[in-house]
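The values are calculated or read from the model by the stated rules, or taken from the named source; none is laboratory data. As the structure is a prediction and not an experimental result, all values here were calculated from the model. Every residue, glycine as well, gets a Cβ built from its backbone with ideal geometry; the counts of neighbours run over all protein chains shown.
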Amino acid sequence: MMASNPFSSRYLEPGAIPFCFRDKQTLEVLAQRFGQWQHRQSSSLRLAIVGPHGSGKSTLMSHLSRRLDCPLVVLHSSTSKWNNLQLVMQSARKQRLFLVDGYEQLPLWGQVLLLARSKLHRISLGVTAHRLPRAFELLWETRVDSKVETYVIERLLREVSPQVQSALMESEAWKVSRSKRGANLRESLFDMYDWWRDTVDGNSRSR
Amino acid sequence: MIRLIGLQPTYMPGQTIEFEYRVANIDRGSIVAVECSVCWVTEGKGTEDLGVHFFQRLAGDSLAAIDWSIAQKIACPLPISPVSYEGKLLKISWCVRVRFFLGDGTELMAQQPFYLGMLTREV
Amino acid sequence: MSGWWFIGSLGEALFFAIVFLIGVFLSAILISWQLMSQSTQPLKVGYGFWLFLGVCLSFAVLGIVGFWYRVLKVVTSDEHREVIGKRGIIPEPLSGSHPMKKPTPVPSIPDVRRFTDSPGARLAYRLPSQIPENGALVALGIFAMAWSAMIAVFVVMAADAYLRSSVPWQLVFLLIPGIYVAIRSARLFFRSFIRTLGIGSTTVEIEDLPLIPGREYRLEVVQYGRLVIKKIAVRLECQEESTYHFGTDLRTERQTVFSQEIASHGRDRIDWGYPLRLECSFCVPEDAMHSFQSKHNAIHWKIVVDGEANRWPSYSRSFPVVVYPSSRSSQAIVAS
């Protein structure tokens, strides 16, 4: 049976690769901001992870959810905004702290409703968004640079030889994809699925 | 440790799959539930899909009646589709999975893949 | 039918579209005059008012009905309407060299009944088109009509205000892009309509469904319209489709993994009433993968008709089919 393609969706979905922090920042430090609030409990806290598509917001959010042991509501663009709001409001009725991945999938009036409920019942929220939403403080801004790219490729290809890793990073396909996809690293990784199939799997088949 | 015994690498559609599973080095009293399944999964560029063809869960009384010193036999006829496939964007693979749920919350899993039909690649 | 039919169809559609707009326009003038006029003397609501309003609305109704009757007559062939009409009395497929029991649904393969609910005129089944081109034309037509009607009402309102010596600048500024969209959508619709009139519809009939790898099937492709074709080719194609969906990230990718030309025809003239008929037979390779459908992944088989014509843009139309697992497995299905 053939080995899996390391650029399959199962290895790229949010949370599959540990988040790469920069500037000596750690998950602990981010979690502490929520932790400090939990001790006070006098007011609500609204923090946002901000960044472009495919830059690791959902990955960081899933780590935070595990670290804080609080529910994470993932909102999908294919689900109606009304259903997304219902999902979030269900959590808002039960939890004092919860996380929302894809805050922009809520209708505008739903965001207002959630904020009002958060203030009124002192519910704390952590959300991901492409831009810092109104009434939220910035928790972390995700960015993709060459250090993050190298880290992700090394994680994905840790079971293959370093030569393959460097072949990929130096391949024309990778360079073209990175210049085309910009901040969206996940899309570039999906592009490399074809490279792996044609180059690595193709060679192993022909052998 | 879970061992899957008697699985062939390839089965034809409609054929009956027969295998056994056995558990060793586990305190029998700590087993809360056992799940055994025959399923297919897709893998590739799309979100993965799972299709469960056969599923058996043992818990409570049905679990207490089991003698773990002997291997547990499973037999089920396989469907005619989807057959195993290795394409450009997706793969379809079949496997047998056995999961043991223990009292302390840990979960042990054994999985063995097999081909259904002659492996079909993109033509 | 002659070349005049082409001009006649287009002329009729244009005529009814104009009648519709006149109806809407006059109705709007009448209603705005009656309801919105403050300085001018309102019309007396009597017999004459209702008669005039009735005439205006009947223009609008006549226009919309005539327009859609003409458009729908073009986008569905006479043969198709005839066969659909007979569907109720056709007890079973017209032909088919593989008499077999109706297959039961097979796991993770699209239900074949979706593809066999339209009987063919010569062969057993008429395949549904993957992209309902005519549906897009109808949708575009509805949009163009509704938008033009709305703009006509606003134009009347603006004219009414102007006549009362007050220029509603806000409305005028809104009307400029509105009129532009109305003209563009009407133009786009009529260009598509002309294209539909010229190229005409393509129908594909097949001897049997589902397809079993290794077996041979007869196929008939009929190209309607009025055009000189440079080349028409029929292909059997297999395409993989994968959708990745998480949060706001939704991406679908398709890749053709098999493509085989099963028939082609060179330069020829097609006229109304004299469609081009291509008969051929084909075989799905013995070791081919069957059709597959799960929530995010799929393997589609389809018949693709590619055409190149003089003075018309190239076109490609797809007709999905269902392929079952190879013969050994399919015996198991029939027996079940």
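C:Thr203 falls short on exactly one of the conditions (1) under 30 Å from C:Arg317 (Cα atoms); (2) touching a residue at least 24 places away in the same chain (Cβ under 8 Å); (3) in a helix (DSSP H, G or I), and that condition is (3). The condition of being touching a strand residue (DSSP E or B) at 6+ places or on another chain (Cβ under 9 Å), under 29 Å from C:His245 (Cβ atoms) and not hydroxyl-bearing (Ser, Thr, Tyr) holds for only one of B:Leu102, B:Leu63, B:Leu108, B:Leu89, that being B:Leu89.
Check B:Gly60 against each of (1) closer than 30 Å to C:Pro105 by Cβ; (2) more than 7 Å from chain C (Cβ to nearest Cβ) and name the one condition it does not meet. Failing condition for B:Gly60: (1). Considering only residues in region C:239-250 that are at the interface with another protein chain (Cβ under 7 Å from one of its Cβ atoms) and in a strand (DSSP E or B), the one that is nearest to C:Leu127 (Cα to Cα) turns out to be C:Glu240. Identification of helices (runs of 4 or more DSSP H) wholly contained in region A:137-207 with 1 or more residues that are within 14 Å of chain B (Cβ to nearest Cβ) and of a type in the set (Asp, Glu) yields A:185-196. Residue count for region C:249-274 satisfying the condition of being at pLDDT below 85 and crowded, with 19+ Cβ neighbours inside 10 Å: 1. Among the residues that make up region C:207-227, is at least one of them of a type in the set (S, T, N, Q) and not in a strand (DSSP E or B)? No: region C:207-227 contains no residue that is of a type in the set (S, T, N, Q) and not in a strand (DSSP E or B). Before we move on, is C:Asp208 in contact (Cβ under 8 Å) with a residue 60 or more places away in the chain and touching a His at 6+ places or on another chain (Cβ under 6 Å)? When the stated conditions are applied, C:Asp208 passes them.
Scanning region C:271-289 for residues that are part of a strand (DSSP E or B), touching a residue at least 40 places away in the same chain (Cβ under 8 Å) and not aliphatic (A, V, I, L, M) yields C:Asp271, C:Arg277, C:Glu279, C:Cys280, C:Ser281, C:Phe282, C:Cys283. When region B:67-123 is filtered for residues that are within 14 Å of chain C (Cβ to nearest Cβ) and of a type in the set (Lys, Arg), the ones remaining, listed by number, are B:Lys88, B:Lys91, B:Arg121. Restricting attention to region C:252-279, the residues being touching a His at 6+ places or on another chain (Cβ under 8 Å) and among the charged types (D, E, K, R) number 0. Among the residues of region A:108-126, not a single one is within 14 Å of chain C (Cβ to nearest Cβ) and either modelled with pLDDT under 90 or closer than 20 Å to A:Ile49 by Cβ (or both).
Can you find a residue in region C:205-219 that is closer than 27 Å to C:Leu140 by Cβ and either within 14 Å of another protein chain (Cβ to nearest Cβ) or surrounded by 19 or more Cβ atoms within 10 Å (Cβ to Cβ) (or both)? The answer is no, given that none of the residues of region C:205-219 is closer than 27 Å to C:Leu140 by Cβ and either within 14 Å of another protein chain (Cβ to nearest Cβ) or surrounded by 19 or more Cβ atoms within 10 Å (Cβ to Cβ) (or both).
Only one entry of C:Ala149, C:Ala158 meets the criterion of being assigned by TED's automatic domain parsing to the domain that holds C:Leu21 and touching a residue at least 60 places away in the same chain (Cβ under 8 Å), and that entry is C:Ala149. The numbered conditions (1) at pLDDT 90 or above; (2) of a type outside the set (Lys, Arg); (3) within 15 Å of the chain's Cα centre (by Cα) are all true for A:Ser8 except (3). Out of A:Leu87, A:Leu45, one residue alone is surrounded by 20 or more Cβ atoms within 10 Å (Cβ to Cβ), modelled with pLDDT of 85 or more and farther than 25 Å from C:Ser242 by Cβ. It is A:Leu45.
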